[in-house]
Amino acid sequence: MLFRSQETKNFTQVIHSVFPARLSLTYHAGISFLMLRRYKDAATTVGDLCTYMQRGFKTGQLRQMPNADQLLKNYDRMIALLAICTNICPQTNLVDESISKTIREKHGAEMSKDAYTELFVFCAPKFVSPAIPDFINCGSIDNSYKQQIYLLEQELKDQPSFQKLRSYLKLYTSIPNSKLLNFGNKESTLPSLKLKMRQLDSTNPDVPSLKEASVKS
């Protein structure tokens, strides 16, 4: 009877029934989403589990589990991962407010300096090389780990300029169009800019296709 009940469980139910497996899967999925530039997916995936773990530590449920210290270390690593994702992708309601507060308390200084490398070194696992390392020539087994750090640095090197642009966009969207027109002293500036920025979408029947637009012009 027990064997039959286990057979009816799906993959999610099996993973959730073994908390260390759920923790490991969620953590590595979050790291994978980060390296794939899917920052929102990484934040939502890891954020839900961090909210559950935060409540479990407060109630004492997780502190009674075996290897509770290791669970707390993994929780801290996922908080650092969330600090990277939420700073790159600052959206409202992406993670729970209590988790956002924890991120600010633990890693507010790093986020203010855009210290992504330090956070990544703390939260990332030791990446496994897909091939056997050349121990004779390279003399090191950390090449895969260093390569991932380098890739992340190259990906995020322009984030400070993006954040500055994002702040300007928030400012301009809060200013009425009539006031923006007064800045340029040209009434045709803003409408022409909006026309140039209009995106053609083949799924929208109201927007002409690229071929039709070229013929009309």
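The values are calculated or read from the model by the stated rules, or taken from the named source; none is laboratory data. Computed from a predicted structure; not experimentally measured. Reconstructed Cβ throughout: ideal geometry from the backbone, glycine too, with neighbour counts over all protein chains shown.
In this structure, does Phe122 turn out to be among the aromatic types (Phe, Trp, Tyr), in contact with a helix residue (DSSP H, G or I) (Cβ under 7 Å, 6 or more places away or on another chain) and not in a helix (DSSP H, G or I)? When the stated conditions are applied, Phe122 does not pass them.
Number of residues in the range 77-97 that are more than 12 Å from Gly47 (Cβ to Cβ) and buried (at least 16 other Cβ atoms within 10 Å of the Cβ) equals 5. If the condition is being within 11 Å of Gly47 (Cβ to Cβ) and loosely packed, with under 15 Cβ neighbours inside 10 Å, then the range 98-119 contributes only Ser98.
Please count how many residues of the range 48-106 are part of a loop (DSSP other than H, G, I, E, B), at pLDDT 85 or above and among the β-branched types (Val, Ile, Thr). Result for the range 48-106: 1.
Close Cβ contacts (under 9 Å, 6 or more residues apart or on different chains) running from residues in the range 167-179 that are assigned to a helix (DSSP H, G or I) and modelled with pLDDT under 70 to residues that are among the aliphatic types (A, V, I, L, M) and surrounded by 10 or more Cβ atoms within 10 Å (Cβ to Cβ) comprise Asn177/Leu190.
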